[in-house]
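The values are calculated or read from the model by the stated rules, or taken from the named source; none is laboratory data. No experiment lies behind these values; they were computed from the predicted model shown. Neighbour counts are summed over all protein chains in view; Cβ atoms, including those assigned to glycine, are modelled from backbone coordinates with ideal geometry. Just so you know, the surface numbers come from the protein's heavy atoms only, side chains and all, with ligands and any DNA or RNA stripped out. Shrake-Rupley method; radii C 1.70, N 1.55, O 1.52, S 1.80 Å.
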Amino acid sequence: MTNSLKNRIIVLCVGLVLLTTMVSIVSFWWSTSKFQEEKVNQDISVAQNVYKQYLSAKESLLLTAAKVLTADFGFKQAVATRDAGTISSVLFNHSQRIDAELMLLIDLSGKLISANTNADLYPQNLKPLLDELLTSPEQSSFVVLNNQLYQVILLPVRAPRTVAYSLVGFKIDDEVALELKNLTGMDVSFIAEQDNLVRSSLLNRPEVFSPKNYFNTTTTTRLFGDYPVYKNQDIMLPSLQGDAVTILLSADLTQSYNDFENLLFTLIIMAILTMLVGVITSSLLANNLTTPLSQLAVIARQFAQGNYAFEFNASKQSTEIATLANAFDNMGNDINEREQKISFQARHDSLTGFYNRSAMLEVLDDELTPSTQYTLVAIDIKGLRHINDKLGPRVGDECLKAVANRISGFSDELGGFHARIGGDEFLTVFPSAAAREKKSGIVGLMAQLLACYTIKTLKINLRFSAGVVEYPMQGLASDDLMRRVLIAVDNATDSQDSIHYYQNGEDEAHLDRLKMLDELKQAISDNDGQLFMTYQPKLHLHTQKINKVESLIRWQRKDGSWVNPELFIDLAEQSGLIVELTSWVVNTVVSQVADWQAKGIEMQAAINVSAQDIASPSFHSALVRTLKKYNVDPTLITVELTERDMIENEEKGIKALQNLKAIGVKISLDDYGVGQTSLGRLKMLPIDELKLDKCFILKLDESRKDQHIVQSSITLGHQLGFSVVAEGVENRDSLDLLKLMHCDHAQGYYLSRPLKAELLEQWLKEYYEKS
């Protein structure tokens with residue numbers, strides 16, 4: 001694991017040591033190099049001073065010796081008289097006293113008079129030498145005579161005028177160079193390049209020896225490549241023009257290289273040892289740090305699996321690790337508590353403490369066994385919404401708690417269990433035999449629930465509906481049991497019974513309704529012809545013209561079976577699908593009206609809408625868009641709704657109807673006379689038309705009471721400014737009575753049953769041909 005914390009710590013520590021070592025080595029190399037360079041330069045400077053002092057001492061000795069010689073009276077007389085023997089003897093003796101290898105006497109013309117050695121070894125004409133030396137009186141110069149290098153000084157011999165010159169000199173040979181090397185520690189080379197003469201302190205020199213080439217090019221192989229052996233310094237000596245003499249000082253760098261490399265090796269060894277110590281210590285440190293962290297990682301994985309108990313020896317760890325371990329311990333305890341709380345909340349109702357619906361399904365699967373008969377009772381509290389509205393939600397919650405307490409009080413003793421499966425619905429399950437023996441079964445439970453409740457000093461009587469399912473006779477799977485007990489309680493509520501026992505086949509009917517609902521959704525979305533509109537004509541009784549139709553939806557399933565409109569419209573309302581269904585109807589009817597207009601048929605079409613349609617904020621805008629899409633006058637569309645829809649959504653319904661009237665759409669109140677619309681409410685409704693329920697029209701010609709009701713309703717409608725439509729006309733006599741009562745429109749099977757659009761067009765043609 002290259003990315004592990006342990007490896008990172010080791011790499012970091014070793015890297016720091018390595019970086020420090022490299023910096024130290026580079027710093028050492030740079031400082032040592034500078035030091036060595038400065039030391040060599042200093043040694044060369046010292047050697048120059050030694051050389052100068054040495055030559056200066058030699059020069060002083062030469063000058064003194066020359067002055068002593070030229071001041072000697074006998075020597076001056078011998079020179080003046082040209083006593084060769086005396087001169088030669090003096091020069092020889094004097095040279096022996098001062099160890100001078102060269103003593104010459106030269107006349108004024110530059111001719112050699114005498115020498116301390118064999119005079120034939122020297123040039124007889126020394127005029128050029130004489131002239132050049134006279135330019136620097138009493139100063140020594142380096143000259144080459146007889147293939148030898150000398151340091152010489154020239155002084156005149158006066159008697160009393162200058163009669164000759166004395167040339168005194170010391171020979172410069174390898175011994176002199178070696179002596180200087182011993183004094184300076186450097187190799188010394190005297191070089192007279194024009195005379196190809198070299199005197200050097202180098203003992204082991206090559207056969208062909210050029211000091212400058214040798215000392216400047218000689219290299220040595222070291223650790224990091226080849227380096228020069230010597231550092232050299234050239235020094236010009238006073239010499240004759242055109243016959244230059246130089247000293248080459250050569251400092252040997254070999255020892256410096258050796259010292260540097262020895263120190264470098266020492267530093268590298270120390271660095272390696274330091275790195276080894278760093279690896280070991282960093283590994284120990286990493287182990288001390290990562291081992292407890294690895295243990296904590298294992299603990300974290302245990303936490304992830306729900307195991308919050310762990311042992312960790314924090315006493316041997318650092319304070320930080322011990323603190324982290326304690327934090328893990330506290331975190332595990334806190335998570336465990338919260339998880340238990342969340343788990344409980346996830347499975348239980350927060351208000352009553354009962355199981356919730358999903359948890360109850362699991363409990364049913366775990367607890368119920370076919371060997372024991374159980375009774376499942378779904379309980380619905382009637383009117384709880386009104387209690388919340390009138391007395392407040394707190395009272396409603398207290399009612400739920402009180403009901404839950406009575407359910408648990410009944411069921412717990414029997415070994416039962418319970419759940420809150422809806423806002424005001426409970427489910428309790430208990431062994432059937434024990435309930436019959438100890439608690440009088442379902443009757444005992446209902447009696448216990450119906451007893452008066454005292455909620456915050458209020459006496460409240462609650463009403464209940466109960467659905468009952470027996471296990472295992474009426475189901476085994478928890479999903480089936482839950483669905484069937486809810487079907488039973490819904491049937492109890494619909495039938496106004498307090499208890500409804502599930503009957504075999506009710507579940508299949510329920511599933512069939514669900515299947516029918518899915519098919520209805522598909523039929524709306526596919527628009528494949530299963531759904532279609534029919535139109536029932538309305539006769540204008542005064543003009544005998546057909547100028548209105550009621551649009552009625554029909555559904556023929558793919559298998560050819562017909563579905564009762566009341567059934568699938570009721571399903572659509574219960575499931576919330578009614579808005580989509582109405583949208584389909586509006587689009588179909590408006591497009592049909594536009595098609596009739598294109599054919600020259602002016603027809604006003606009525607569309608039945610529900611309370612959900614009126615309450616939907618999109619209904620008005622969708623209708624307006626559809627009218628604009630097909631370019632249909634809004635006055636050709638009538639919206640029909642029942643009294644029930646108006647009563648349940650009165651305030652919102654009135655506002656929605658006013659908005660429809662504002663754009664020109666007509667409003668019709670359907671099924672008038674059988675609902676609960678008061679005359680006071682009727683005058684407030686923004687309607688254009690009253691549609692008398694067919695129960696008053698079907699036998700209008702036979703019933704005097706129906707005739708009185710219809711007559712008064714027509715008169716009232718006209719007085720309020722409404723037109724009146726009578727539906728359900730089944731015979732000629734009823735149609736004639738309606739005409740006598742001044743009813744505006746009539747519709748019914750006597751005139752025509754609902755027809756598809758193309759059949760209605762044919763019927764209209766035939767109707768007008770007969771009339």
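Quick notes
- Cα-based reach from residue 171 at 20 Å (exclusive), listing aspartates and glutamates while leaving out same-chain residues under 8 positions away: 59, 99, 101, 120, 132, 138, 179, 187, 193, 195, 243
- Peptide ranges 537-548, 482-493 listed from the most packed, as the mean C-beta count within 10 angstrom indicates: 482-493, 537-548
- Tilt relative to the chain, helix 357-367 - C-alpha long axis, 0 to 90 degrees, to 10: 90
- Cα-based helix-to-principal-axis angle, 650-662 vs the chain, degrees rounded to 10: 80
- Sequence ranges 64-71, 622-629, ranked by mean other-Cβ count within 10 angstrom, highest first: 64-71, 622-629
- Computed [θ] at 222 nm, helices only, for the chain once each DSSP H run of length n ≥ 4 contributes -39500 (n - 2.57): -17500 deg cm²/dmol
- A dipole drawn for the chain from +1 and -1 charges on Cβ atoms has a positive end, and of 536, 225, 129 the residue lying farthest that way is 129.
- Each label point was placed 7 Å from the Cα along the Cα-to-Cβ direction; for residue 121 and residue 663 their separation is 14.2 nm.
- Measuring between their Cα centroids, segment 137-212 and segment 54-116 lie 18 Å from each other.
- Taking θ as phi - 60° and the Karplus parameters 6.51, -1.76 and 1.60, the scalar couplings of segment 369-382 work out to 10, x, 6, 10, 8, 10, 10, 9, 10, 8, 10, 10, 7, 7 Hz in sequence order, x denoting glycine and proline.
- Each DSSP beta bridge with both residues in the chain is either parallel or antiparallel, and the antiparallel ones are about 75%.
- Sites residue 235 and residue 146 - FRET efficiency at Förster radius 22 Å, r taken between beta-carbons, to 0.05: 0.35
- Backbone N atoms of segment 679-696 closer than 11 Å to the 7 Å Cα→Cβ label point of residue 703 belong to residues 693-696.
- Gain on full stretching of the segment that runs from residue 254 to residue 401 - 0.36 nm per residue minus C-alpha separation: 42.5 nm
- Listed residue pairs exceeding 24 Å between alpha carbons, taken from 515/691; 67/127; 390/683; 655/756; 390/456; 629/666: 515/691; 390/683; 655/756
- Length-normalised contact order for the chain - Cα pairs under 8 Å, 6+ apart - percent: 6
- Solvent-accessible area per residue in segment 1-137 equals 58 Å², computed with a 1.4 angstrom probe and all protein chains kept.
- Taking 0.36 nm per residue of separation and subtracting the Cα-Cα distance, full extension of the segment from residue 736 to residue 561 would add 59.2 nm.
- Of the GluC sites (Glu not before Pro) in segment 322-380, not one is in a loop by DSSP (not H, G, I, E or B) with at most 16 other beta carbons within 10 Å.
- Modelled spin labels at residue 173 and residue 342, positioned 7 Å past Cα toward Cβ, are 10.8 nm from each other.
- Gain on full extension, evaluated as 0.36 nm per residue between residue 183 and residue 307 minus their Cα-Cα distance, stands at 35.7 nm.
- Relative to the dominant Cα principal axis of the chain, helix 704-719 is inclined by about 50°.
- With a simple spin-label model that places each label point 7 Å from the Cα along the Cα-to-Cβ direction, the separation between residue 203 and residue 618 comes to 11.5 nm.
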